[in-house]
Amino acid sequence: MPITILIGAQWGDEGKGRAVDWLASSADIVARYAGGDNAGHTVALGSEVYKLHLVPSGILHENVVSIMGNGMVINPVNLVREIQSLREQGLDIGPERLVISSRAHIITPAHVELDRARELALGDEKIGTTLRGIGPAYLDKTNRAGIRTGDMLLDIEVFAERLSVAVAATNADLQQQGLASLDPTAAAESYLEAADYLRPYIKDVSIYLHEALKSGKRVVCEGAQGTMLDIDHGSYPFVTSSSPTAGGALTGLGVGPLFVERVIGVAKAFSTRVGGGPMPTELNGEIADRLRGTGANFWDEYGTTTGRPRRCGWLDVVMLRYAASVNGLSELMLTKMDILSGFDELKLAVAYQIDGRRHDYPPVTNEQLERAVPIYESLPGWRDDITGCRALDELPGAARNYVKRVAELCDVPIRSVSVGPEREQLVTIF
Ligand code: IMP
């Protein structure tokens, strides 16, 4: 059975890009199924660092076809910009290597403005979105008022007309928030060039994948964001507007569940979050600063898309256990273990105490989550530099113990651990 689904098991930014890059070496197709350019995947290959927002990480492997699924929301202008910049970095990206679903939804300039307007209106209660128009685009989709990538295959005049009607329709909302209206014709025009550029890439992805799977091709489904940002299973309303969890891979690509063989959860060895919403293990001060890094390196904890410093804390096993359950994880990959080197003591949040009761899974309301006091288990740290380790027995005993304990607490095997940003800085455990 040829599908592997790769999921973020926390609040996004778990290192999924490099995990997909690793899996892609034995895949034929890498397919993204949710979100848009709110995502930011960074992959380092030698001296070159690739920053991907929309294009799947499979593009870094010449023999892999990258797919953008119907579950995504795509800003065509930003996608063209990204393709061109990857081309400048030497990547060959033609329609035989990148396939865009004809059923994905388009992010219009109105969506981007509305995202900003809604965040402004929420004031202190704001979600902290990436301001890429993600929420408003999904809202139009479920409201059956969206424009799809397949519409770019229509007569260009018809496409332009649809865009300007959609932009004009949102101007009243913008004015209500005191924001300037958009010029519908100018907004549509900026998209026409992008539509011309992207037209050859647009296909029916579900049929494409079905035929590929029937002929034995191996597919990696690349998750964006993370389980705790899922519209249904995350800490609502501080979530994104799509389904980054395992179920989303099936609907977001139009493939059946019987093809799925593995579901891999990617989790950082500690916790990070960007944007608003509760984060029970959040720390402030010296430990958080050490986990975050200074921002001098691309792997430091600052958003790839927004540049915002990420909130940092000890590993929240309660969330991880929940992610294992929601996604039916068959295994976990633990990333950034090297960042934990040098601490005398490490902590794992194994449960929460809320109003005098122990919780092994996160409660449903944010009000309860805000009151959650983590119950920590303390583990010894290690001093050694582990960035050169490539096998489990090369890791110091305390690091092996940390990996073993996390796996026990989530009841999911950990099969790989990353110890640095480079492709080969990986410890695989079988
Ligand atoms: P949106 O997806 O831009 O609407 O943002 C909604 C929430 O999801 C905000 O808290 C964002 O910071 C968060 N978010 C969206 N995409 C990512 C991501 O790729 N990594 C981490 N957080 C994200």
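The values are calculated or read from the model by the stated rules, or taken from the named source; none is laboratory data. Note that this is a predicted model, so its numbers are computed, not measured. Cβ coordinates were reconstructed from backbone atoms using ideal geometry, including for glycine residues, and neighbour counts include every protein chain displayed. SASA here: full protein model, heavy atoms, side chains in, ligands and nucleic acids out. Shrake-Rupley method; radii C 1.70, N 1.55, O 1.52, S 1.80 Å.
The table below lists the values:
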quantity	calculated
Restricting segment 120-202 to trypsin sites (Lys or Arg not before Pro) in coil, as DSSP defines it, with at most 13 other Cβ within 10 Å	144
Listed residues 79, 369, 154, most fluctuating in the chain (Gaussian network, C-alpha, under 10 Å)	154
Per DSSP, loop GluC sites (Glu not before Pro) in segment 79-161 with at most 11 further Cβ within 10 Å	96
Most mobile listed residue (251, 227, 149) in the chain, GNM with C-alpha springs under 10 Å	251
Cα-based helix-to-principal-axis angle, 317-327 vs the chain, degrees rounded to 10	50 degrees
FRET efficiency, residue 181 to residue 153 (Cβ-Cβ, R0 25 Å, nearest 0.05)	0.30
Tail beyond 21 Å, pair distance distribution of segment 1-141 (Cα, percent)	44 percent
Accessible surface of the chain, 1.4 Å probe, proportion on carbon and sulfur as whole %	50 percent
Per residue, in Å², the accessible surface of segment 10-124 once ligands and nucleic acids are set aside, probe 1.4 Å	31 Å²
Whole-number accessible area per residue in Å² for segment 232-388, which is evaluated in the context of all protein chains at 1.4 Å	41 Å²
Binned Cα-Cα distance frequencies in segment 282-422 - 10 Å width, integer %	11, 36, 39, 13, 1
Restricting segment 1-70 to trypsin sites (Lys or Arg not before Pro) in coil, as DSSP defines it, with at most 12 other Cβ within 10 Å	none
Of 391, 223, 33, farthest towards positive along the dipole that unit charges on Lys, Arg, Asp, Glu beta carbons give the chain	391
Helical mean residue ellipticity (222 nm; -39500 (n - 2.57) per DSSP H run of 4+; nearest 500) of the chain	-9500 deg cm²/dmol
Rounded if a/c under 1.5, otherwise prolate or oblate - segment 379-430, Cα gyration tensor axes	oblate
Cα-centre dipole for segment 85-125 with unit charges at Cβ (Lys and Arg positive, Asp and Glu negative), debye to 20	260 debye
Sequence-separation-based contact order of segment 152-286, relative, with Cα cut under 8 Å and 6+ spacing, percent	15 percent
Check: segment 144-269 dipole with +1 on Lys, Arg Cβ and -1 on Asp, Glu Cβ, in debye	700 debye
Net length gained if the chain between residue 282 and residue 375 were fully extended (0.36 nm per residue, minus Cα distance)	32.2 nm
The chain - charge dipole about Cα centre, Lys and Arg +1 at Cβ, Asp and Glu -1, debye rounded to 20	680 debye
Leading residue at positive end of dipole, segment 302-391 (Cβ point charges), from 334, 312, 373	312
Euclidean distance of C-alpha centroids, segment 336-368 and segment 64-119, integer Å	36 Å
Burial order of peptide ranges 232-239, 35-42, 361-368 (average beta-carbon count within 10 Å, highest first)	35-42, 232-239, 361-368
For the chain, diffusion coefficient by Stokes-Einstein and Kirkwood Rh (Cα), 10 °C, 1.306 mPa s, µm²/s	72 µm²/s
Set 217/336; 16/217; 126/203; 16/404 screened for pairs whose C-alpha atoms are more than 28 Å apart	217/336; 126/203
